Amino acid sequence: MKTSRRNKKARIRKVRIRFGIIVLVTFFLMIFLIGKMYSSHQEGVLQQAIKQEAIKQEAIKQEAIKQEAIKQEAKQQKKSDGKTKGKVVYLTFDDGPSKLTDQFLDVLKEQNVKATFFMQGSNLKKMNLQESVKRVIREGHYIGGHSMTHDSQKLYTNKQFVPEMNETLALIHDITGTNPRLVRAPYGSAPGLRSERIRNQIVESGFKLWDWTIDSNDWRLKGHPNQILENIKRETKVDMEVVLMHEKSQTLQELTEIITFYRDKGYAFGVYNDADHFVLNFQNDERL
Ligand SMILES: [Zn+2]
């Protein structure tokens, strides 16, 4: 009897111990599982936070880009006289196309700047340069006429100005498919176009004429590219400048510096377009 009671007690103890172990194991297992769930939840929260932060950053970036675009657009808005609001510089290159045209285009592309070219008929006729001429248009620049011969005797003394310009503009059209109406007079409109008769002819032919506000004198500065920039710096005075340059190696050499100068001064880079023409000629002829 005593033995069986002792045995019973021992069995009960065993059962209690086993039960205790099961409870403990279950308890630790639950702690472990809860911990794991909590940490994975924490990870999820962290990842969610990172994702949301990235979205926020992206939104801020997009907003900044949008604001910059609005600012640029406001700068570029046209005034009633066709001029662009804000500081604008028109870089212009005469006497091309040339063997340097592609290199000028490379720099302009690298700097994301559009420019205005005034090309000469005798050079436009050179077949090996016509691919570069097409590239000028393809890359968003403007090409106006600069006469066939660049010969002052023929243009001004023999009064071939208008016929030569018409021929040049037709040539640009043939090569590029554009229909430019702007020309620049070789050596400028003063004194060549002093005669009102020749200016009447220009008006009748329906084209416009641009001189410049800054003469960089680049063509005479072979070997002294820095002097071109110095000339430009000295002459830059107003919010709208049209800079006369040529397709010369010294100009090409200094072009990045010239662009940097205007960019640092807060100028936007304008490119001529026929629809937004404004008057800029030394004869002060409002019709041109
Ligand atoms: Zn010229």
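The values are calculated or read from the model by the stated rules, or taken from the named source; none is laboratory data. Nothing here was measured: the structure is a model prediction, and the numbers come from that model. All Cβ positions, glycine included, derive from the backbone under ideal geometry; neighbour counts span all protein chains shown. These area figures cover heavy atoms from the full protein model, side chains too; ligands, DNA and RNA do not enter into them. Shrake-Rupley method; radii C 1.70, N 1.55, O 1.52, S 1.80 Å.
Within the range 173-192, being within 15 Å of the ligand (Cβ to nearest atom) and either under 29 Å from the mean Cα position of the chain (by Cα) or at pLDDT below 95 (or both) holds for Leu182, Val183, Arg184, Ala185, Pro186, Gly188, Gly192.
Restricting Asn200, Asn231 to residues that are open to solvent by 20 Å² or more (accessible area, probe 1.4 Å) and more than 23 Å from the chain's Cα centre (by Cα) narrows the list to Asn200. Here the condition is being modelled with pLDDT of 95 or more, closer than 23 Å to Glu110 by Cβ and open to solvent by 20 Å² or more (accessible area, probe 1.4 Å); of Asp239, Asp264, it holds for Asp264 alone. Determine whether Ser205 is over 19 Å from Tyr142 (Cα atoms) and surrounded by fewer than 18 Cβ atoms within 10 Å (Cβ to Cβ). The answer is yes for Ser205. Summed over the range 96-110, residues that are open to solvent by 10 Å² or more (accessible area, probe 1.4 Å) and either away from the ligand (no atom under 16 Å from the Cβ) or among the hydroxyl-bearing types (Ser, Thr, Tyr) (or both) total 8. Taking each residue of the range 148-174 that is under 16 Å from Gly96 (Cα atoms) and free of Cβ contacts under 8 Å to residues at least 40 places away in the same chain and looking for partners that are of a type in the set (Asp, Glu) and within 13 Å of the ligand (Cβ to nearest atom) with beta-carbon atoms closer than 6 Å, six or more apart or interchain, yields Met148/Glu164. Here are some residues: Val136, Val113. Which one is more than 16 Å from the ligand (Cβ to nearest atom), surrounded by 19 or more Cβ atoms within 10 Å (Cβ to Cβ), in contact (Cβ under 8 Å) with a residue 40 or more places away in the chain and more than 15 Å from Leu252 (Cα to Cα)? The match here is Val136.
Scanning the range 187-197 for residues that are surrounded by 14 or more Cβ atoms within 10 Å (Cβ to Cβ) and in contact (Cβ under 8 Å) with a residue 60 or more places away in the chain yields Gly188, Ser189, Leu193. In the range 193-216, which residues are outside any loop (DSSP other than H, G, I, E, B) and within 16 Å of the ligand (Cβ to nearest atom)? Within the range 193-216, Leu209, Trp210, Ile214, Asp215 meet the criteria.
For the range 209-223, the criterion of being surrounded by fewer than 18 Cβ atoms within 10 Å (Cβ to Cβ), at pLDDT 95 or above and farther than 30 Å from Ala268 by Cα is satisfied by no residue at all. Cβ-Cβ contacts under 8 Å between residues 6 or more apart (or on different chains), taken from a first residue in the range 223-239 that is part of a helix (DSSP H, G or I) to a second residue that is among the aromatic types (Phe, Trp, Tyr), are listed as Leu229/Phe261; Ile232/Phe261; Lys233/Phe261. Within the range 157-186, the set of residues being touching a Lys or Arg at 6+ places or on another chain (Cβ under 9 Å), open to solvent by 10 Å² or more (accessible area, probe 1.4 Å) and farther than 24 Å from Ala115 by Cα comprises Lys159, Gln160. Of all residues in the range 133-169, those satisfying the criterion of being among the charged types (D, E, K, R), under 20 Å from Glu247 (Cβ atoms) and in a helix (DSSP H, G or I) are Lys134, Arg135, Arg138, Glu164. Among the numbered criteria (1) of a type outside the set (Gly, Ala, Ser); (2) part of a helix (DSSP H, G or I); (3) out of contact with any Ser or Thr (no Cβ under 8 Å at 6 or more places or on another chain), which one does Pro180 miss? Pro180 satisfies every listed condition except (2).
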